[in-house]
Amino acid sequence: EISVELQVAVLVGEDLGFFSHSGIDPRAVWEAVQQWRRGGRLRGASTITQQLARTLFLSSDRTVTRKVKEARLAFWLDRRLGKHRVLELYLNVVEFGAGVYGAEAAARHYYGCDARRLDGLQAAGLAAAVPSPALDTPATRSRRWEARTRIISGRMTRVQWLRDVLASVDSSRLVKSREPH
């Protein structure tokens, strides 16, 4: 049981196209390669599904071989588990701080509440920790964490469509769980 606020915050912070790709976001990969070719830093362009695949099955080596394996696993996870389960698993294993893994542990550690009770600002604060959990957390309150929290919080106000998608996923899940087995 994880608040919709945290789901929205993580999606706008990590993978806004989550519900429109098949585990890999070709556009994000293309943009990352183009940025690198123009002399910019090489960024990951990993989807939530790719991050989950890496966390569950692979090392964090920064190699082309690992990225290819990660992409194949992400495609497989997306097809086999579906969006809701991938997001649920991700939120339960992602690192939100040094030794703080999963939404429930993070909510209790930083805010003293259950993950299902997180409000929008708390959720944005947790999502802001995901890219750099060793340095930028609600506990460190670094400048980078504060800036990222503001950005995520602002984005959260503009994605009613995402809340609708998440609500429809939850509704369909409720209907299935009430059906006789």
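The values are calculated or read from the model by the stated rules, or taken from the named source; none is laboratory data. Keep in mind that this is a model prediction, so the values were computed, not measured. Cβ placement follows ideal geometry from the backbone for every residue including glycine, while neighbour counts extend to all protein chains displayed. Surface accessibility is based on the protein's heavy atoms, side chains included, excluding ligands, DNA and RNA. Shrake-Rupley method; radii C 1.70, N 1.55, O 1.52, S 1.80 Å.
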Take the residues of the stretch 94-105 that are without any contact (Cβ under 8 Å) to a residue 24 or more places away in the chain and outside any helix (DSSP H, G or I): which is farthest from the chain's Cα centre (by Cα)? 99
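Please verify whether the stretch 7-19 includes one or more residues that are assigned to a helix (DSSP H, G or I), touching a Phe, Trp or Tyr at 6+ places or on another chain (Cβ under 6 Å) and buried (at least 18 other Cβ atoms within 10 Å of the Cβ). Steps first, please.
At the first step, the residues of the stretch 7-19 found to be assigned to a helix (DSSP H, G or I) are 7-14, 18-19.
Okay, now just the ones that are also touching a Phe, Trp or Tyr at 6+ places or on another chain (Cβ under 6 Å), so 11.
Then drop every residue that is not buried (at least 18 other Cβ atoms within 10 Å of the Cβ), which leaves 11.
So far as the stretch 7-19 goes, yes, one or more of its residues are assigned to a helix (DSSP H, G or I), touching a Phe, Trp or Tyr at 6+ places or on another chain (Cβ under 6 Å) and buried (at least 18 other Cβ atoms within 10 Å of the Cβ).
Each row is one residue, and each column tells you yes or no for (1) in a helix (DSSP H, G or I); (2) at pLDDT 95 or above; (3) hydroxyl-bearing (Ser, Thr, Tyr); (4) open to solvent by 50 Å² or more (accessible area, probe 1.4 Å).
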| residue | (1), (2), (3), (4) |
| --- | --- |
| 71 | yes, no, no, no |
| 76 | yes, yes, no, yes |
| 80 | yes, yes, no, yes |
| 86 | yes, yes, no, no |
| 89 | yes, yes, no, no |
| 92 | yes, yes, no, yes |
| 107 | yes, yes, no, no |
| 110 | yes, yes, yes, no |
| 116 | yes, yes, no, yes |
Quick check: is even one residue across the stretch 25-47 in contact with a Phe, Trp or Tyr (Cβ under 6 Å, 6 or more places away or on another chain) and either open to solvent by less than 60 Å² (accessible area, probe 1.4 Å) or of a type outside the set (A, V, I, L, M, F, W, C) (or both)? no
Going by the structure shown, is residue 55 touching a helix residue (DSSP H, G or I) at 6+ places or on another chain (Cβ under 6 Å), open to solvent by 30 Å² or more (accessible area, probe 1.4 Å), of a type outside the set (Asp, Glu) and under 23 Å from residue 10 (Cβ atoms)? yes
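When the residues of the stretch 137-180 are narrowed to those that are small (Gly, Ala, Ser) and modelled with pLDDT under 95, which ends up surrounded by the fewest Cβ atoms within 10 Å (Cβ to Cβ)?
Of the residues in the stretch 137-180, the ones small (Gly, Ala, Ser) are 139, 142, 147, 153-154, 167-168, 171-172, 177.
Filter again for modelled with pLDDT under 95, leaving 167-168, 171-172, 177.
Details: 167: 11, 168: 10, 171: 10, 172: 11, 177: 8.
The extreme case among them is 177.
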